[in-house]
Amino acid sequence: MLSTLSSSAPSLVWRQADADFFVATLDGQYAGFVTTGSTPATFDAESGHGADLGTHASPDAAAAAVAEAARPASVRRGARSPRRRTRGPASPQRVRA
């Protein structure tokens, strides 16, 4: 299973912590984990920040979810670049009489 996980997320380093528990690191930092799910033949994934990444039908799919969550926001699929908020001139306040 570990080799399957490694091939689906080449930028991550996967280590087997238990028979059914795999931990990912990215540049030496914790990046998430994959473990067997609560129902047979499912795999749960969690990000390095504790976000539930869902239950998946294969270890590859779960590892891909961890890999996607570990990628910087600027390169994630569909990630928006942050908008700059600009301040316009202050508008005069209305005074009610």
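Values as computed for the structure displayed
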{"item": "Residues whose placed amide H lies under 5 Å from that of Gly54, excluding near-sequence neighbours", "result": "Ala45"}
{"item": "Length added when fully stretched, Glu68-Ser11, from 0.36 nm per residue minus Cα-Cα", "result": "19.5 nm"}
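Computed from the coordinates by the stated procedures, all read-outs in this text should not be read as laboratory data. Since the structure is predicted, the reported quantities are computational estimates derived from the model, not experimental observations.
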